[in-house]
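Asks: To start, I am sharing the structure in question, which I have written as C-alpha cells.
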Amino acid sequence: MDVAIAVSVERDGGLEGPICPQFGRAPRFLVLRPGDAAPESLANGAAGDAHGAGTGAAALVARAGAKAVISGRFGPRAVEALRALGVAMWIAPPGMSAGDAVEKCRRGELQPFEIRTF
C-alpha cells in the first residue's frame, strides 16, 4: 500500500506507541506518507466533543491526505464519513504498536474493516 496512512494512537510517542482502540476518540493520529522519514503527529480536537467525534476525526485525517486509516474500531458515523471521503479502514488488534500496524497494513496482513450483517 503506497498511500498516506493515518493511525489512531493513545499518545504522542511515535511509531512505538500503542494503537488507540477507538477511532473518533483517539487523542492523536500519526500520518505516514510515502517517502517521508518521520510521521506527522496530529492532535484530534474532536476527541472530546460530546457529539460528532467520529466525523470530526474523519475530516481531520482526510485533510491530512490519508487514504487509509488504522484503528482498533470505528463507530457508525465515522464509517459513513470515511467512506464518503474515500478513506479505507483497517482494524488493528489491541496492544499492537502503530509501527507494527502500518507495516502489517502495507504487507496486506491487517483485517480490512467491513460491516457485518446478521
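Asks: Looking at 17, 75, 54, which is the one that is on the phi < 0 side of the Ramachandran plot, buried (at least 20 other Cβ atoms within 10 Å of the Cβ) and touching a helix residue (DSSP H, G or I) at 6+ places or on another chain (Cβ under 8 Å)?
Replies: Criteria check complete, one pass: 54.
Asks: Just the residues that are part of a loop (DSSP other than H, G, I, E, B) and in contact (Cβ under 8 Å) with a residue 12 or more places away in the chain, please, taken from region 3-17.
Replies: 3, 4, 10, 11, 12, 17 - these are the residues of region 3-17 that are part of a loop (DSSP other than H, G, I, E, B) and in contact (Cβ under 8 Å) with a residue 12 or more places away in the chain.
Asks: Going by the conditions given, is residue 30 within 24 Å of residue 2 (Cβ to Cβ) and out of contact with any Pro (no Cβ under 9 Å at 6 or more places or on another chain)?
Replies: No.
Asks: I'd like to verify a number: residues in region 40-82 that are free of Cβ contacts under 8 Å to residues at least 40 places away in the same chain, in a loop (DSSP other than H, G, I, E, B) and out of contact with any strand residue (DSSP E or B) (no Cβ under 9 Å at 6 or more places or on another chain), how many?
Replies: Going through region 40-82 one residue at a time, the tally reaches 7.
Asks: Additional query: Kindly list the number of the only condition in (1) in a helix (DSSP H, G or I); (2) more than 15 Å from residue 20 (Cβ to Cβ) that fails for residue 37.
Replies: Status for residue 37: all satisfied but (1).
Asks: Going by what's in this entry, would residue 47 be described as more than 16 Å from residue 94 (Cβ to Cβ) and modelled with pLDDT of 95 or more?
Replies: The answer is no for residue 47.
Asks: In region 37-51, what residues are surrounded by fewer than 18 Cβ atoms within 10 Å (Cβ to Cβ) and under 16 Å from residue 99 (Cα atoms)?
Replies: Hits for region 37-51 are 37, 38, 40, 41.
Asks: Can you name the number of the only condition in (1) in contact with an Asp or Glu (Cβ under 7 Å, 6 or more places away or on another chain); (2) surrounded by 14 or more Cβ atoms within 10 Å (Cβ to Cβ) that residue 34 fails?
Replies: Status for residue 34: all satisfied but (2).
The values are calculated or read from the model by the stated rules, or taken from the named source; none is laboratory data. Predicted model, so just to flag it, every value in this text is computed and none were measured. Glycine also receives a Cβ, built like all others from the backbone with ideal geometry; neighbour counts cover every protein chain displayed.
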